[in-house]
1. With every protein chain present, what accessible area does residue 110 have (1.4 Å probe, heavy atoms only), rounded to the nearest 10 Å²?
2. Tell me the relative contact order for segment 2-128 as a rounded percent, counting alpha carbon contacts under 8 Å between residues six or more apart.
3. Using only protein heavy atoms and a 1.4 Å probe, report how much of residue 111 is accessible, in Å² to the nearest 10.
4. Would you mind working out the accessible area per residue for segment 149-224, using a 1.4 Å probe, and quoting it in Å²?
5. Which of (1) 63, 41, 30; (2) 62, 37, 32; (3) 103, 39, 31 is the computed Cα extents along the principal axes in Å for the structure on display?
6. How much accessible surface area, in Å² rounded to 10, belongs to the heavy atoms of residue 80 with a 1.4 Å probe?
7. Determine, for segment 2-128, the count of lysine pairs separated by eight or more sequence positions (or lying on different chains) whose alpha-carbon distance falls under 26 Å.
8. Using only the heavy atoms of the protein chains and a 1.4 Å probe, how would 185, 214, 163 rank by accessible area, largest first?
Amino acid sequence: MKIIHDSILLQSKIKQFEIDQIFRLSDEIPFELRYYEPGELVLKEGEQMDTLLLLVEGRVKITSSVQTGKVLLLRFCEPFAVIGDIELIQKIAVQSQVEAVHRTLCIAVSFKYIYEHAIHEPKFLMSLLTHVTYKLQTCTTASRVNLLASVENRFASYLLTTIHEEYEFGKEIRTTNTQEIADLIGTTPRHLNRVILKLSEQGVIGRERDTIYILDKKVLQELSNGIRYE
């Protein structure tokens with residue numbers, strides 16, 4: 001992680017994402033612009049966190065692990081996203097690992113400043129509430145789909161969710177990596193590859209290296225039963 005001392009870039013990001021509407025900029029806010037290289041850890045699960053991070057450029061991957069060492073991919077995040085909201089409110093250690101996928105910029109604000117100056121501000125709290133409830137809604141939807149639908153149904157739903165820009169969560173789970181798709185829809189890469197092969201043989205989709213093409217959207221819509229990861 002590198003701290004970027006560029007006030008013009010910082011101010012441009014604040015204006016771009018209307019961060020000035022979240023904080024009272026009449027105060028001297030200790031914003032810090034942080035840069036992360038692709039593959040660099042932004043947050044490590046279990047460590048103590050002392051700053052709220054506002055993702056303003058790039059893409060990060062959010063994963064969670066269990067004691068067996070298995071890692072579960074939860075989602076990807078792109079701007080604008082708030083990282084550390086749960087840790088801020090609950091005063092707990094980092095719940096999920098965050099890794100930069102692309103060159104990433106975050107604006108950091110210390111918890112200490114927030115507790116002293118912003119924690120009771122209605123606009124700040126409403127912004128936190130919006131982001132937390134969005135995460136709850138999308139996690140609940142994903143869990144419901146993954147528990148109640150077959151892998152074939154889930155994969156059809158995944159494809160139809162991720163091809164449309166209007167589905168915000170679709171952008172957060174979009175990837176071309178089979179292992180990552182399997183994690184996101186709650187199955188194994190082997191089972192997913194069998195489903196991909198079956199749908200390819202039926203002419204529903206086509207596959208060329210890491211790219212999957214939808215050839216028969218109508219059949220996919222029937223397979224998905226109207227379910228979307230949204």
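The values are calculated or read from the model by the stated rules, or taken from the named source; none is laboratory data. This is a predicted model, so every value here is computed, not measured. Ligands, DNA and RNA are excluded from the accessible area calculation, which covers all protein heavy atoms including side chains. Shrake-Rupley method; radii C 1.70, N 1.55, O 1.52, S 1.80 Å.
1. 40
2. Answer for segment 2-128 is 35 percent.
3. Roughly 10 Å² of residue 111 is accessible to a 1.4 Å probe.
4. It amounts to 52 Å² per residue over segment 149-224.
5. The calculated read-out lines up with (2).
6. It works out to around 50 Å².
7. Pairs that pass both the separation and distance tests number 23.
8. From most accessible down to least: 163, 214, 185.
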